Amino acid sequence: MDNFKKLGISNAILKSIDEHGFENPSEIQEKSIPLILNGEDVIAGSATGSGKTLAFASGIIQNSDRGYGIQALILTPTRELAEQVANSFKKFSRYDPLKVVSIYGGVGINPQIKGLKTAEVVVGTPGRLLDHISRNTIRLNNVKTLVLDEADHMFDMGFIKDVEKIIQKCPENRQTLLFSATITKEVVRLSRKYMVDPVEVAVESYIDPKKLNQVVYKVQDDMKLFLLVHLLKNETTNLGMVFCNTKRNTDKVAKNLRNSGVNAIAIHGGLTQNKRNNIMELFHSKKVSVLVCTDVAGRGLDIKDVSHVYNYEIPRESKQYIHRIGRTARAGSNGKAINILSPKDHDNYMSVLRDNDVAIKELTLPAMERMKKPERALEKPVNRMNTPPRKGRQNQRQNYNHR
Ligand code: AMP
C-alpha cells in the first residue's frame with residue numbers, strides 16, 4: 001500500500017485499492033498517477049489490462065469539486081467499455097463518492113437525461129454524447145478533466161470527427177488525458193491540436209509474454225470445431241473466449257458448442273445493447289464459461305479469470321491478434337492463446353507473424369473423440385447453381401495433414 005501512497009493517492013482511494021487487493025501499482029499507474037494528480041496533460045501508451053482506469057480515476061476522484069456539475073468526461077470507443085469504466089469508477093470512488101453516469105446508444109435516452117442532471121463524471125461513447133449535446137441535455141462547461149480512452153480504437157472505428165466535436169464543447173482550460181495502445185499519426189495530430197505540453201508515458205507491453213503461452217494447431221477446416229470442443233472440455237480451466245471474424249460465425253460456433261455440451265454464448269454488435277449487457281453479466285458471473293465473440297465485442301473488455309483465448313479464425317487485421325490475446329494473462333495471472341489454423345487462415349496468420357513480435361509454438365493434434373457432425377455453413381451462403389467445382393482442396397490437405 002505504501003507504494004500507492006508514495007504516488008500521492010488520497011486515503012479514501014487507498015482504502016478502496018486495499019479492498020480490491022491490489023498490492024503494488026502497475027507500471028502505468030506508477031508512471032502516470034503523479035503527473036495526473038499534478039494536473040498535467042498526459043499521453044499514455046497503454047491498453048486495457050494495464051491498470052489505466054485507476055490511473056485516471058484517481059486524478060478525477062481527487063481533483064473534482066462535488067456538487068458543481070460534470071467535472072470529468074471520459075470518451076470510450078464501445079458501450080461495454082463505457083459500462084466497465086463507469087463500474088470501476090464507482091468502486092474506486094466508494095469512500096469519496098462521485099455521481100457517475102454512463103451514456104451510450106442502443107438503450108433508452110430518458111434515464112440518461114435524468115442521470116445527467118446530477119452527474120459529476122460522465123463515461124460515454126461519442127455518438128450518444130453528441131446526441132445529448134445537440135439536445136442540450138448535457139452541460140460540459142464545468143469539465144475539468146477530459147479522458148480519451150483507447151483513442152486509437154476510437155479513431156479506427158471512425159469516431160475522430162465526433163471526438164473532435166466533443167472536445168470543442170469542453171472548456172479550453174482543462175486537463176486532457178489520452179490513453180492509447182498505439183500512438184498513431186491521428187493520436188499525435190489530435191494531441192498537438194488539443195493538449196497543452198503533454199507528457200508522454202509508455203509501458204513496455206501490456207501482456208507479460210512470460211505468462212502467456214501461445215500455441216497453434218494446424219487442422220483441416222472441418223476439424224476445427226472438434227478440436228475446439230476437445231480443448232474447451234479438456235484444458236480450459238477457467239473462462240474462455242473464442243474469437244471469430246464475423247457475427248454469423250460467432251452465432252454458428254456458439255450454437256455448435258452448445259450442441260456439443262459446452263456452456264457457450266455468442267456476443268457481437270448485431271445484438272441489442274440490453275442483450276449484450278446481459279450476456280456480459282452471465283460471463284462475468286461465470287454462469288456461462290465460454291464467450292464466442294467478434295473483435296468489436298471482445299476488445300477492451302476486462303474480464304477476470306479468462307485463462308484461454310482461442311482464435312477460431314485468425315484475424316484479418318494482424319494487430320487485432322495482440323488485442324485478442326490481451327484478454328488473458330492479465331494483471332499477473334497466467335494465460336494461454338490457442339490458434340486454430342486451417343488453410344483458409346494461412347494468409348492472415350502469415351500477417352500476424354510478420355507484423356507482431358510473437359512466439360507461437362506449433363503443437364501436434366491431441367487424440368480427439370469424434371462427435372456429432374457440426375452444423376455446416378460457416379461460410380457465406382453460395383449460389384450453388386453458379387458455383388464452379390471446388391478446386392485445390394487436395395493440395396491444401398497435404399499442407400495441413402492432421403493425423
Ligand atoms: P484496466 O487496464 O484499468 O482495465 O485494468 C485491468 C485489470 O487490472 C482490472 O481488473 C483492474 O482491477 C486490475 N488492476 C488495476 N490496477 C491493478 C494493480 N495495481 N494490481 C493488480 N491489479 C490491478
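Worth pointing out:
- The chain, helix-only ellipticity at 222 nm - DSSP H runs n ≥ 4, -39,500 (n - 2.57), divided by all residues, nearest 500: -11500 deg cm²/dmol
- Loop-resident trypsin sites (Lys or Arg not before Pro) (DSSP state other than H, G, I, E or B) in segment 100-151 with no more than 16 further Cβ atoms inside 10 Å of their Cβ: R139.
- Prolate/oblate/rounded call for segment 11-85, Cα gyration tensor, a/c under 1.5 rounded: rounded
- Ratio of the Cα radius of gyration of segment 156-255 to 2.2 N^0.38 Å, where N counts its residues: 1.68
- Separation of alpha-carbon centers, segment 1-69 and segment 160-202, rounded to whole Å: 19
- Residues with amide H under 5 Å from that of M157, placed H, sequence gap 5 or more: none
- Of the chymotrypsin sites (Phe, Trp or Tyr not before Pro) found in segment 22-85, the ones in coil according to DSSP and having at most 12 other Cβ atoms within 10 Å of their Cβ are Y68.
- Amide H partners (placed H, <5 Å) of I103, local residues excluded: V123, G124, T125
- Under a Gaussian network description of the chain, with springs only between Cα atoms under 10 Å, the residue in N63, N213, N110 that fluctuates furthest is N110.
- ³J(HN,Hα), Karplus 6.51/-1.76/1.60, whole Hz, each residue of segment 104-114, x for Gly, Pro: 7, x, x, 10, x, 8, 4, x, 5, 4, 5
- Accessible area in square angstrom per residue, the chain, 1.4 angstrom probe: 48
- Residue range of the chain that is longest and free of GluC sites (Glu not before Pro) which are both DSSP loop and sparsely packed (at most 16 other C-beta within 10 Å): 24-171
- Backbone amide hydrogens, once placed in the peptide plane, bring I43 within less than 5 Å of L178, V199, E200, V201, excluding anything fewer than 5 places away on its chain.
- Label separation (I109 vs K319): 3.3 nm, computed from points 7 Å beyond Cα along the C-beta direction.
- Its residues counted as N, the chain yields a C-alpha radius of gyration over 2.2 N^0.38 Å of 1.05.
- Multiplying each eigenvalue of the alpha-carbon gyration tensor of segment 2-202 by 5 and taking the square root yields semi-axes of 24, 20, 15 Å, largest first, rounded to whole angstroms.
- Within the listed set P366, P315, P77, the residue fluctuating most in the Gaussian network model of the chain (springs between alpha-carbon atoms under 10 angstrom) is P366.
- Among N238, N311, N249: highest mean-square fluctuation, GNM of the chain, C-alpha pairs under 10 Å: N238
- Mean Cα-pair separation over length for segment 2-202, i.e. relative contact order, pairs under 8 Å, 6 or more apart, %: 28
- Per atom type, the chain shows carbon and sulfur on 47% of its accessible surface, probed at 1.4 Å.
- The string of couplings for segment 142-150 from the Karplus curve (6.51, -1.76, 1.60, θ = phi - 60°) is 9, 4, 9, 10, 10, 10, 9, 9, 6 Hz, one whole number per residue in order, with x for Gly and Pro.
- Segment 135-216, relative contact order [Cα under 8 Å, separation at least 6], %: 35
The values are calculated or read from the model by the stated rules, or taken from the named source; none is laboratory data. Note that the structure is a prediction, hence the values are computed from the model and not measured. Neighbour counts run over all protein chains shown; Cβ positions are idealised from the backbone, glycine included. What goes into the accessible areas is simple: the full protein's heavy atoms, side chains included, and nothing from ligands, DNA or RNA. Shrake-Rupley method; radii C 1.70, N 1.55, O 1.52, S 1.80 Å.
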